[in-house]
1. Is there a residue in the range 278-293 that is of a type outside the set (D, E, K, R), in contact with a Gly (Cβ under 8 Å, 6 or more places away or on another chain), surrounded by 16 or more Cβ atoms within 10 Å (Cβ to Cβ) and more than 25 Å from residue 197 (Cα to Cα)?
2. Mind listing whichever residues of the range 270-289 are more than 26 Å from residue 226 (Cβ to Cβ) and either at pLDDT 95 or above or of a type outside the set (A, V, I, L, M) (or both)?
3. It is to be established whether one or more residues within the range 356-368 are surrounded by 13 or more Cβ atoms within 10 Å (Cβ to Cβ) and part of a loop (DSSP other than H, G, I, E, B).
4. What do you reckon, is residue 432 charged (D, E, K, R) and touching a Leu at 6+ places or on another chain (Cβ under 9 Å)?
5. Pull out all pairs, ordered by first then second residue, where Cβ-Cβ is under 8 Å, the residues are six or more apart or on different chains, the first lies in the range 434-461 and is more than 15 Å from residue 491 (Cα to Cα), and the second is at pLDDT below 90 and acidic (Asp, Glu).
6. Just one of (1) buried (at least 20 other Cβ atoms within 10 Å of the Cβ); (2) closer than 25 Å to residue 429 by Cβ trips up residue 316, so point out which.
7. Condition first: among the small types (Gly, Ala, Ser) and modelled with pLDDT under 75. Now tell me which residues in the range 642-670 satisfy that.
8. Would you pick out the residues in the range 102-124 that are outside any helix (DSSP H, G or I), surrounded by fewer than 21 Cβ atoms within 10 Å (Cβ to Cβ) and touching a helix residue (DSSP H, G or I) at 6+ places or on another chain (Cβ under 8 Å)?
Amino acid sequence: MKIAEIQDDFLAAAEHVDNTALIAATASHLSKHADTSLKELLQSLSLKQLLRLSKALENQAKAAADRLQFVGDNSAEDKETSAEALQAIAGITLAVLADKKKAVPDALLQTAVLLHDTALLAAAEWPELQESVAKLCAAWWQTDAPGKEGLITQTIPYLLVRALSTCKAADVKRCYAMRKALALLDFGSESIADVKRLLLRAAFLPAFLRIGEGRKFLAYLFTLEAQMVRELGAIIRNQIPSGRGSLLDAYGEILLRAWRECTAASLLAVEDLIQGLMGAALHASTPHMAGALRRVLGGLHGAKSAPGVDALLLRLYRPILFRALAAANPAVRRNALCLLVDAFPLQDPDASNEDTDEVLTRQFTAFGDALGDECPVVRAEAVTGLAGLLDTFWELVPAAATAGFLQRIAGDLAFDGASVAVRSAALAGLARLAENPLAQPLMKIALPLLRPLMWDPALAVRRAMADLLLTIGAVRGLSVVEVVPLDALLGALGSDARPVAERLHRLLLPSYFPGPEEGPACVAALLRQQPEAGQRFCGMLTGSAASSSGVPAEHAVALACALRDHLAACSSAPEGAAVAPLQPKKRKQRGTAAAPEQAQASETPEAWESLLLGLAALCQGLASEPSPGALGSAGQAHHLSEQQLHLLLDRSGSAEARSAVLSIAAAQSGSPAAADIQSRCIAQLWAGSGQNVGQAELRSILRCLSAAEDLESLLQHIAAALDTPAPDGAASQRSVATKMSADVALRCLDAMLGDEELRWQLLSSSMMVELLPIVAGAADHACTALARAIRGHSQEKDNLLSQEAHHAAACLSLYCRAGLHLQLTTELVTAAAAAGAGCAEAESMWQRSGALAVVGATAWALELLAALSGCGLEKPSGLSGQPGKRQPRRKKGKGMPPVVDVCSLPGLAHAALGAVLCTLAACTDAARLGALSGESCEAAGAGQLQHESSAELAINLLKWTMQLPEDALSGAEASVGDIRAQCLGHAAQLLHSQLAGSRAAGGPASAPALDLAAALMAAGLELAEDAECLAMLRRHLPGLLKPLSMQTGDARWLQPLAKVAMVASKDVPDEAEPAGRDENSAAAANTRQEADPPKQAHQEQAALLRAEHPFIKAVASAAALAKVQRELGQCMLSAGIAWTAGST
């Protein structure tokens, strides 16, 4: 078909009365199979044909719009057809508009206006029609076609609504393309209130803040009017407190663009907004808020190189910043200092040199004042900011000012004794300056002054010092050993905390392990010269520290092989024979290791043991590699053979060396050599020689057995060893017969509970179901036997009695510790399982084990204490009783230790006291951990029994120990004074934990806690002359007086003081002088006291209330330290206590 015929047909369809013809014609030309596209067809039309088409489209649009808006009998199908017709008309009009070679006919403009007015917002049921009309109106505006002003009033709201609802980048970009049309709107009119609300809503929509066109659109909104600026500023200020970093950066960019684009009144409003944000940043109440505001202002601070920004910052900051730097509030000074650092240098490029120098001098003076600020936070911020500015603007700062700043940072602030943060900030700032080549001449002078900080008591400072050394080590012109000697570095590597040691390890790694060829010799020399540092160095080559050190696992395997071969050669050589060193090849292959020594003929025992410990550390690290393939091709080449392990174990002369061999066997668990060593460990435990093994070595034995998954079997033997005989004397029926003694079994359990890894394996073992009741039975049996022995004690030797006395304290301690650990671990696991399953609560059989264990142990301890109370060791009680003469104590390490006869009464009493003190310590731990409060206690059916029994135990123990004469436990290593001090410490800690639990529950102090407090006060009055007991009470009194004085109005805990005051006031009413008496009256009172001896004792008791009494002094100073003098005074008045002068 010819083009002319196609044109005629299309025009005929457009002029047809039925709009379905136009719809069909448009669709046929829009099809991809059409011979002539719609665009080609419209481009081929002549001007006359285009005018004819425009008029036809106008008529079709009017008819379709009338049918679409008519609410009569038109069916839904007719309306749908009308909408399709309008959509086709919009498409044809858009295609005509795209042909820029032809002018747009007036009829076509009328068609576009008709579509804009009737179909853009009114036709919400046909979104495709709306979208077609919106594209037409937007294209009309962008092509700057005539009459574009009449197509924006409906287009802008539609585009905004669509962008706000869809949050698509394409819709946001369309809004940006129409931004200049907003200037045609009258923002003072109420008719565009809805459009204004849409614009303000876009100011906090993430879609507009995320892309560049959206931020440019928002920046353009500031240019519309001054009131719009103020409303947008309010929105920005509301979003800052909770905004993310990207949102704050976007607002900073928007403000910068707005300032660039605004003029006249809008520009003044924008500058007022920016200065308001600056003021808010100065007076922000929290550091987080101040940081968020500074991040928004960072959009201006980061554009200082842009024209006019420097002058703007100086003009806005000058009236407020320097005044804030001298504010009385340290938070304001800190905020001002942070802003000065961000905006430095504040200067006007167009100002004169004199003005510029004056402003810079003012800023340098502010930095100097901040370095000497009385607030540590300001000083720390000043050091950090000034170091960064010196690094960036080294050449801008005068040389004299730079030298002065460095001298103050390195000489004064690095040794600021008032703040760890200031010292750490000084070291971090110097580390940054050390990387600046221009600063190195001055740094060579300043850095050696920092050497003492390597031993700073604060870990954060030592870590910052290690970071500084790492930075110095990477700088060519500076030397680490000139700052800290090598011996000091090695000493810190061996003894300091892991964060510091890891950094020193990275620092020393290139020197002591340059590669697999030279590395073994260097490491061996380090192990000989500095054993602790060498062992730490080997332990950090592999495992969790390997990624930070950057040592390939193959190189660590090569080092382990070299150490293994050398140690085996030294072990197999005859005593005193020289060991020939391995001769390196002329050209070593990559990955092979040289001998650990090149000139070392033999090893001393100390050096041999150090090498062994280094090998053990390496093997443990290699065994803990995160992935099985981390060792690469080396695999298990470093494993020791059975003969080598036995040689090393036989050669080991110390417990530490034997523990190292056992750790090597545990690291290669599963090999035949390790299995043989594990069998040897089991035989050692069975033979009873485990009693002579140290705790650390025993822990290594247990780790070796647990690595072989023999822990379940070991626990079965432990249970069999601790299982008590049946009441009729027959042995209990168990499936496992054991050769392990009860002493070894108890020591094994104690070692497991003391090691984190072993404890987790013990608590997660299925044997705990059977083992915990067995330990409880052993504790019951031991305590019952010990109590029976104390009641009917005999001087005859009884090995069984000695064993029971030894077991009582251990069994009680282990039972309580195991129960508490099991309960806490179960609660953690249960909470995690409940959170994962979405349950509010999960039940477990072990959730009450700790509470039940402490309750049972407390009952047995009370039984022991009851037996002690009737054994005849006490003295008569009473405040007037004269204390016994204190026996001199043996100094630690001086003289022979006392020999205690366990079967004697003092020996039995000492063993029972040890068991009671262990139980009281367990009660304290349980109260502190919250195991005896809340739902667990109620579920156990004990209620407040746990609190009452714990307090009762502490009170009875306090009373009984106060009745003991000083020589009651003669021959024991711990004197009566030591036991009293321990008892006071445990009782005070128990009371503190119980008061904290009551405070957390929101209730007053419980009655048992108040009774325990009264017992502590009575003990303080009784034992005030004992310096150790008084020191123990001084340590805990401030923490006890505050909750006791403020948490309850019950003053029963002051009854000991009240009784003394009552006795004094009753017996000496005439002689008692009022407060504030002079020296003459005091002398007269002393004379009357000497003349009346029967009243002397009561006068001494009245003196207990004067400030000269040691315990009263302790109470008064503790109240002042806790700031509860008024509350304590009210409690004393309610207790009827009259204080003499100076006592408060």
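1. yes
2. If the condition is that a residue be more than 26 Å from residue 226 (Cβ to Cβ) and either at pLDDT 95 or above or of a type outside the set (A, V, I, L, M) (or both), then 285, 286, 287, 288 are the ones that fit.
3. Within the range 356-368, none of the residues are surrounded by 13 or more Cβ atoms within 10 Å (Cβ to Cβ) and part of a loop (DSSP other than H, G, I, E, B).
4. For residue 432, the condition - charged (D, E, K, R) and touching a Leu at 6+ places or on another chain (Cβ under 9 Å) - is met.
5. Qualifying pairs under 8 Å: 438/395.
6. Looking at each condition in turn, residue 316 falls short on (2).
7. 669, 670
8. Answer for the range 102-124, where residues must be outside any helix (DSSP H, G or I), surrounded by fewer than 21 Cβ atoms within 10 Å (Cβ to Cβ) and touching a helix residue (DSSP H, G or I) at 6+ places or on another chain (Cβ under 8 Å): 102, 104, 105, 121, 122, 124.
The values are calculated or read from the model by the stated rules, or taken from the named source; none is laboratory data. Keep in mind that this is a model prediction, so the values were computed, not measured. For neighbour counting, all protein chains shown are included, and Cβ atoms are generated from backbone atoms with ideal geometry for every residue, glycine included.
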